[in-house]
1. What number of residues within region 68-110 satisfy the criterion of being more than 16 Å from ligand 1 (Cβ to nearest atom) and either in contact with a Pro (Cβ under 8 Å, 6 or more places away or on another chain) or in contact (Cβ under 8 Å) with a residue 60 or more places away in the chain (or both)?
2. Take the residues in region 1-56 that are within 13 Å of ligand 1 (Cβ to nearest atom), part of a loop (DSSP other than H, G, I, E, B) and in contact (Cβ under 8 Å) with a residue 60 or more places away in the chain; name whichever of them is farthest from Pro123 (Cα to Cα).
3. Counting just the residues of region 87-133 that are acidic (Asp, Glu) and more than 21 Å from Arg34 (Cα to Cα), which one comes out least open to solvent (accessible area, probe 1.4 Å)?
4. Take the conditions away from ligand 2 (no atom under 16 Å from the Cβ) and over 12 Å from Cys8 (Cα atoms) and apply them to Tyr112. Does it pass?
5. Being modelled with pLDDT of 95 or more, within 16 Å of ligand 2 (Cβ to nearest atom) and of a type in the set (Phe, Trp, Tyr) is true for just one of Phe46, Phe40. Which residue is that?
6. If I go through region 85-111 residue by residue, how many of them are over 11 Å from Ala44 (Cβ atoms) and either at pLDDT below 95 or aliphatic (A, V, I, L, M) (or both)?
7. Would you mind stating whether Ala31 is surrounded by 15 or more Cβ atoms within 10 Å (Cβ to Cβ) and within 17 Å of Pro133 (Cα to Cα)?
8. Go through region 59-78 and give me each residue that's open to solvent by 40 Å² or more (accessible area, probe 1.4 Å) and assigned to a loop (DSSP other than H, G, I, E, B).
Amino acid sequence: MSTRTASCSCGQLRVEVRGEPLGVGVCHCLACQRRTGSVFAALATFATPYTMAGTAAEYFRAGDQGSRFQFRFCPVCGTTVFHSEEGQEATVSVAVGAFADPSFPAPKVSIYDCRRHPWVVLPSGTKAFDTDPA
Ligand SMILES: [Zn+2]
Ligand SMILES: [Zn+2]
């Protein structure tokens, strides 16, 4: 089974995931905009288990629909590398940019599309949702 490794900017925190992503999406919500410092987050969901190396700091945030998300970021350089949703132990979401792989599969869904900066153009065929359909 193929593996991929995502890493923070300084390389201290790494996560290795197995197999192909179950889904790839972009999120335009304002929390992701602030979290990433970018105007949207690109996320890939993988089946667990995953292997983490290094030290992660944690930040919990409640989603609009009451779920709690546990974000893991590097305490040295601040990059958010991955997150999981409480009670959803079967999957982990990894920041696509942390793979530093321009050939990574393109997103298929766009969530919180109502918050999308109007100059951000989605790949054709992307399914857009005004909020999080999950
Ligand atoms: Zn780092
Ligand atoms: Zn978001």
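The values are calculated or read from the model by the stated rules, or taken from the named source; none is laboratory data. Because the structure is a prediction, the values reported are computed rather than measured. Here the Cβ positions follow ideal geometry from the backbone for every residue, glycine too, while neighbour counts run over all protein chains shown. Note: areas computed on protein heavy atoms with side chains; ligands, DNA, RNA excluded. Shrake-Rupley method; radii C 1.70, N 1.55, O 1.52, S 1.80 Å.
1. Filtering region 68-110 down to residues more than 16 Å from ligand 1 (Cβ to nearest atom) leaves 68-70, 84-93, 96, 101-110.
In the following step, the residues that additionally are either in contact with a Pro (Cβ under 8 Å, 6 or more places away or on another chain) or in contact (Cβ under 8 Å) with a residue 60 or more places away in the chain (or both) were identified as 91-92, 96, 101, 104-110.
Adding up the residues that qualify gives 11.
2. Gln12
3. Asp101
4. Numbers: away from ligand 2 (no atom under 16 Å from the Cβ): no; over 12 Å from Cys8 (Cα atoms): yes.
Spelling it out, it is not the case that Tyr112 is away from ligand 2 (no atom under 16 Å from the Cβ) and over 12 Å from Cys8 (Cα atoms).
5. Numbers: Phe46 fails: within 16 Å of ligand 2 (Cβ to nearest atom).
Of the residues listed, the single one that is modelled with pLDDT of 95 or more, within 16 Å of ligand 2 (Cβ to nearest atom) and of a type in the set (Phe, Trp, Tyr) is Phe40.
6. Applying the first criterion (over 11 Å from Ala44 (Cβ atoms)) to region 85-111 yields 85-90, 100, 102-103, 109-111.
This time we only want the ones that are either at pLDDT below 95 or aliphatic (A, V, I, L, M) (or both), so: 85-90, 100, 109, 111.
So the answer is 9.
7. Values: surrounded by 15 or more Cβ atoms within 10 Å (Cβ to Cβ): yes; within 17 Å of Pro133 (Cα to Cα): yes.
Criteria met by Ala31.
8. The initial filter retains those residues of region 59-78 that are open to solvent by 40 Å² or more (accessible area, probe 1.4 Å), namely 59-62, 64-66, 68, 73, 75-78.
Scanning region 59-78 gives Asp64, Gln65, Gly66, Pro75, Val76, Cys77, Gly78.
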